[in-house]
Amino acid sequence: MHSKGKNILYYFITGIVLGLAILCDPIAFVFYPAIFLWFVFRKITNLFQTMLIVFISIVVLIPWTIRNYFVHRTLVPITTQFGVNFWIGNNPNATGTDFYKIASLEKEEYVLMTHTLPKNIQDSLNKVSEIERANFYIHQGLSFVKEEPLKFIFLLFKKFYYYFWFPPSSEYSSKDLERYKWFYYIFYLSVLISGLIGIIISIRHHRDVLLVLTILSLISGLYIFTHIGLIRYRMPLELYLLMFSAFFIRGNWR
């Protein structure tokens with residue numbers, strides 16, 4: 001197979017993988033603006049590769065989008081989950097996590113943020129469609145942002161801290177995690193520091209890493225803008241931090 005044919009095949013496969021990634025987790029939608037920004041900043045005029053990747057990925061998404069249209073009678077590319085996620089991180093009771101602490105005389109209990117809504121509203125939301133629920137949460141979240149801009153900004157910083165470090169352990173941890181958490185903290189801190197140094201070094205020598213960094217920044221930013229509840233939301237970041245840490249260590253040991 002000629003080199004040009006191989007390249008087209010690679011872009012075709014990349015588009016399929018991107019489409020499947022979005023179907024698995026809609027957070028992968030950030031690849032679209034990341035790829036566009038990368039081509040703009042690199043000043044690449046040939047956008048054929050990008051358009052092919054985007055086109056193939058959209059073809060992969062079309063069957064599920066058509067299914068959603070017949071179910072919801074409106075355009076829903078993948079899921080309606082964004083609305084509730086946005087509200088969880090942006091409402092008067094928001095804590096920067098998925099949970100809200102209820103203090104009682106007996107013990108402290110944690111409930112999901114959606115359970116902080118009045119019982120009558122919870123009941124009414126159970127009787128409406130997914131689209132109506134999503135619109136309700138988006139409207140409530142936007143109202144909070146407009147009415148409480150300072151609290152919204154404070155929550156952004158709080159969620160930023162929880163994302164790159166750890167949310168309160170009492171809200172999500174098991175006994176085993178509590179027992180070994182300091183080992184986890186030390187290991188993660190070493191990866192975080194060496195990974196950040198590796199990123200700085202790699203940018204100086206490999207401009208192509210800007211695409212990866214743009215993707216990671218958009219993923220992190222979207223989670224911070226919506227909600228942070230579990231460490232698993234940071235897993236994509238940790239995987240790449242390990243790679244950049246290896247780059248830093250390898251460069252210093254050679």
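The values are calculated or read from the model by the stated rules, or taken from the named source; none is laboratory data. Remember, predicted model here, so these are calculated numbers, not experimental data. Quick reminder, even Gly has a Cβ in these numbers, built from the backbone with ideal geometry, and neighbours come from all protein chains shown. Remember, those area values only see protein heavy atoms, side chains included, never the ligands or the DNA or RNA. Shrake-Rupley method; radii C 1.70, N 1.55, O 1.52, S 1.80 Å.
Annotations
- Test: residue in the stretch 32-40 that is within 24 Å of I131 (Cβ to Cβ) and open to solvent by 70 Å² or more (accessible area, probe 1.4 Å): no
- Test set (1) in a helix (DSSP H, G or I); (2) at pLDDT below 95; (3) farther than 21 Å from L117 by Cβ - L150 fails condition number: (2)
- Pairs with Cβ under 7 Å, 6+ apart, first in the stretch 159-179 and closer than 18 Å to L192 by Cβ and of a type in the set (D, E, K, R), second in a helix (DSSP H, G or I) and modelled with pLDDT of 70 or more: K159/G89; K159/I224
- For E147: the one exception among (1) under 21 Å from N93 (Cα atoms); (2) surrounded by 12 or more Cβ atoms within 10 Å (Cβ to Cβ); (3) among the acidic types (D, E): (2)
- Residues satisfying the stated conditions in the stretch 176-218, i.e. of a type in the set (G, A, S) and within 17 Å of M235 (Cα to Cα): S190, S194, G195, S217
- In the stretch 203-217, the residues that are surrounded by 17 or more Cβ atoms within 10 Å (Cβ to Cβ) and part of a helix (DSSP H, G or I) form Cβ pairs under 7 Å with partners that are at pLDDT 80 or above and of a type in the set (F, W, Y), at six or more places apart or across chains, as follows: V212/Y240; I215/F31; L216/Y240.
- First in the stretch 73-90 and within 13 Å of A134 (Cα to Cα), second anywhere and open to solvent by 20 Å² or more (accessible area, probe 1.4 Å) and among the polar types (S, T, N, Q), Cβ under 6 Å, 6 or more apart: W87/Q140
- Which listed residue is outside any loop (DSSP other than H, G, I, E, B) and open to solvent by 30 Å² or more (accessible area, probe 1.4 Å), from K101, K159, K127: K101
- Yes/no for T114 being of a type in the set (V, I, T), part of a loop (DSSP other than H, G, I, E, B) and modelled with pLDDT of 85 or more: no
- Summed over the stretch 163-186, the residues that are surrounded by fewer than 11 Cβ atoms within 10 Å (Cβ to Cβ) and either at pLDDT 85 or above or among the charged types (D, E, K, R) (or both) give a count of 4.
- Unmet criterion (only one of (1) open to solvent by less than 80 Å² (accessible area, probe 1.4 Å); (2) at pLDDT 90 or above; (3) within 22 Å of H227 (Cα to Cα)) for T65: (3)
- Selection status of W38, modelled with pLDDT of 90 or more and of a type in the set (F, W, Y): no
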